[in-house]
1. Given +1 on the Cβ of Lys and Arg, -1 on the Cβ of Asp and Glu, and no further charges, what dipole in debye does the stretch 239-328 carry about its Cα centre, rounded to the nearest 20?
2. I'd like to compare 221-234, 321-334: which one has the highest average count of other Cβ atoms within 10 Å, and what's the full order after that?
3. Report the Cα centroid-to-centroid distance between the stretch 120-168 and the stretch 259-299 in angstrom, as an integer.
4. DSSP beta bridges in the stretch 71-186, what fraction antiparallel, as a percent rounded to 5?
5. Can you tell which of Asn199, Ser188, Phe226 lies farthest toward the positive end of the dipole of the stretch 186-307, using +1 and -1 charges on the Cβ of basic and acidic side chains (Lys, Arg; Asp, Glu)?
6. Using DSSP, restrict attention to beta bridges with both residues in the chain and report what percent are antiparallel, rounded to the nearest 5.
7. Please turn the phi angles of the stretch 209-225 into ³J(HN,Hα) values with the Karplus equation 6.51 cos²θ - 1.76 cosθ + 1.60 (θ = phi - 60°), one per residue in order, whole Hz, x for glycine and proline.
8. Taking the Cα atoms of the stretch 273-317, report the difference between the largest and smallest coordinate on each principal axis, in whole Å and largest first.
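Taken together, the values in this text are just the output of simple stated rules run on the coordinates, not laboratory data. All of these numbers come straight from a predicted model, not from anything done at the bench. Neighbour counts are summed over all protein chains in view; Cβ atoms, including those assigned to glycine, are modelled from backbone coordinates with ideal geometry.
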Amino acid sequence: MRIILFIFLVLTNVAFCGENKNESSRPKDAFFRNSQIGRGVNLGNALEAPREGEWGVRLEEGYFDLIQKAGFTSVRIPVRWSAHALNEPPYTIDQSFFDRVDWIVRQALSRNLVAIINIHHYEDLVESPKEHKDRFLSLWKQISEHYKNQPDALYFEILNEPCKKMTSEIWNEYLDAAIKEIRKTNPSRMIVVGPVNWNAISELKLLKLPPEDRNIIVTFHFYSPFRFTHQGASWVEDQGKSWLGTTWLGTEKEKQDVITDLDKASLWSKENSRPLFMGEFGAYEKAEMQSRIRWAAFVRSEAETRNISWAWWEFCAGFGVYNKNKKEWRADLLQSLIPPKQEVK
Ligand code: BGC
């Protein structure tokens, strides 16, 4: 009997210690932190407009309640810091703008949402990287110092969609410098970074990350097929007019195209031991609603099957899952992103 009791105690102790060990090592693991992003939404067209409100969205406290209650677990907050900082050294960021971002970050974190802030629409940087390198790094120095005492649930994303003159060679150098800058004050904060060509999956292979830094989540954006997701969008070629009417019916071929891309991303993730975050995916309002719903549900579920966290582009503007004029969710679109519990696979 004693022997049995002894074996029982040893076994339970081993199990208990094992669990403990997992618990304490888990929070530091980028894969775990990526799972905490889980299902997110971009607070787009607000702080990345030249001035908040100019693109029709001003963030309100009630939005954060709605987002949390709907079942989202994170928000990505695009921020145009470059429009709120001096153009000359020391490139000081306006205190009043910091105050505004602080308020938004607080709204998210106080509702247990992971908050990802980035540098968004720094157009001069991607047009003339060399001329703007110091300013870019100075922005990160200021942002890092400012938020260094914030909870771990605040993540930093280095730059939205590096593109144009930001070649992979230049980008790899700049991202490394930005990470070094951030690490001076935030030694273990989660950093999100993605490849060139507007965060394309095809360019993941060109991304060079500091091998020893494991607190990094890699991001990509997914808008394929582009002629479907961007039909009628004023900021693309020919304003996407010739693409109007493109549907997404979920044919075998359409599905296979999504699968092929996500498999490619997933393979890269496995080979490089880096977690993946699909930081933007969405289909514009000019596309037919049933197609948007089908596409959103399929892409979302294929991402989740591969443990890819995601954030829908975006909350309440042209791609919006929420109709801010009617003050209601686009219920079917929301369900395609956050399916009712019994349907969760
Ligand atoms: C851009 C937005 C655009 C969206 C879809 C984002 O990265 O910042 O302005 O609406 O992609 O094209």
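1. Value, rounded to 20: 240 debye.
2. 221-234, 321-334
3. Distance between centres, Cα-based: 24 Å.
4. 10 percent
5. Ser188
6. Approximately 10 percent, going by the DSSP bridge assignments.
7. Taking θ as phi minus 60°, the curve returns 10, x, x, 7, 8, 9, 8, 10, 10, 9, 10, 9, 10, 10, 10, 9, x Hz for the stretch 209-225.
8. In descending order, the Cα extents are 38, 19, 10 Å.
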